[in-house]
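Data block below; observations after.
The values are calculated or read from the model by the stated rules, or taken from the named source; none is laboratory data. Being a predicted model, the structure only gives us computed values, none of them experimental. Every residue, glycine as well, gets a Cβ built from its backbone with ideal geometry; the counts of neighbours run over all protein chains shown. Ligands, DNA and RNA are excluded from the accessible area calculation, which covers all protein heavy atoms including side chains. Shrake-Rupley method; radii C 1.70, N 1.55, O 1.52, S 1.80 Å.
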Amino acid sequence: MLGAGDRGAARATWLGTGLLGLFLLPVSLSLEVSVGKANTIYAVNSTEILLPCTFSSCFGFRDLGFWWSYNGSDTFKILINGTVKNEKSDPRVHLKTDDRITLVGSTKEKMNNISILLRDVDFSDTGKYTCYVKNPKEKDLQHHATIFLQVVDKLEEVDNTVTLIILAVVGGVIGLLIFILLLKKLITFILKKTQEKKNLVTMLENKIGI
């Protein structure tokens, strides 16, 4: 049985847990930034590539700031930065350090898209690209997400031969199992009907005294 001191400690623990939950709840529902599910994207040399970035906030935003940075093997630089006045406004670019970059996103109709298009990519463009967002409406809360760009000569075709063979074998085995089960049911059905017929004949013979 708990004493007074133990009950007091238990109440304090529950109170602390509750306060922690109340503190973490707004954080879990606050500003989020995403660059998609892929951690790495590939682009062929001299082509263009879309670097995706979207954000969300349950509290809305006002005068939201955003910027993209590039971090290569020996280079770090800000590529573009700008602001978004509110949910009804498109992003406004204040600084762009590379003419090959175009802001293609839109924040109207809750799209919250601040993706950029990088044209005429070069091998030197390989590196980490980070999308930052800062929301003054959430006390200047800042969040970011990073994606890695790998520039290659050509995109390698994935050889799916082994995968197709495995799928064919698995499909064949499954088909064979289904066929065996159906054959078993058919044989069982035939044997059952044959036995029923024999039983009926026996009953009739017994009735007529044969």
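Can you put VAL93, VAL44, VAL162, VAL133 in order of accessible area, largest first, using a 1.4 Å probe? Kindly include the intermediate steps, with their values, before the conclusion.
On the way: VAL93 65, VAL44 40, VAL162 95, VAL133 0 Å².
The ordering from most to least exposed comes out as VAL162, VAL93, VAL44, VAL133.
A dipole drawn for segment 72-119 from +1 and -1 charges on Cβ atoms has a positive end, and of SER115, LEU95, VAL84 the residue lying farthest that way is VAL84.
Rolled with a 1.4 Å probe across the full set of protein chains, the surface gives PHE123 an accessible area near 90 Å². Ligands, DNA and RNA left out, the accessible area of segment 80-194 computed with a 1.4 Å probe is 61% carbon and sulfur. Solvent-accessible surface (1.4 Å probe) assigned to ILE178 amounts to roughly 90 Å².
Direction-averaged shadow area of the convex hull around the Cα atoms of segment 94-200, nm²? List each step's numbers first, then the result.
Numbers: hull surface 66.8 nm².
Averaging across all directions leaves 16.7 nm² for the Cα convex hull.
Mind ranking PHE76, PHE148 by accessible surface for me, highest first, 1.4 Å probe?
My answer, sorted largest first, is PHE76, PHE148.
For LEU181, the solvent-accessible surface computed with a 1.4 Å probe is close to 110 Å², ligands and nucleic acids excluded.
When the pairs LYS77/LYS134; LYS37/LYS154; LYS37/LYS128; LYS108/LYS134; LYS37/LYS85 are compared against a 20 Å limit on Cα-Cα distance, LYS37/LYS154; LYS37/LYS85 fall above it.
Just to make sure I understand: if all protein chains stay in place, what is the order of ARG92, ARG62, ARG119 by accessible area at 1.4 Å, largest first?
Values: ARG92 160, ARG62 125, ARG119 85 Å².
Descending order: ARG92, ARG62, ARG119.
Were the residues from LYS77 through LEU155 laid out at 0.36 nm apart, the gain over their Cα-Cα distance would be 25.4 nm.
Can you give me the accessible area per residue for segment 68-120, using a 1.4 Å probe, in Å²? It would help to have the intermediate numbers written out before the result.
Details: 3160 Å² over 53 residues.
On a per-residue basis, 60 Å².
Candidate cross-link partners of LYS192 among the lysines, defined by an alpha-carbon separation under 26 Å and a same-chain spacing of 8 or more, comprise LYS184, LYS207.
Given their separation in residues at 0.36 nm each and the Cα-Cα distance between them, MET203 and VAL170 gain 6.9 nm when the chain is fully extended. Residue-wise HN-Hα couplings along segment 48-62, as the Karplus relation 6.51 cos²θ - 1.76 cosθ + 1.60 with θ = phi - 60° gives them from phi, are 10, 9, 8, 9, x, 7, 10, 9, 8, 8, 6, 9, x, 8, 8 Hz; Gly and Pro carry x.
Note on LYS88 and SER46: the extension gain reaches 11.6 nm, defined as 0.36 nm multiplied by sequence separation minus the Cα-Cα distance.
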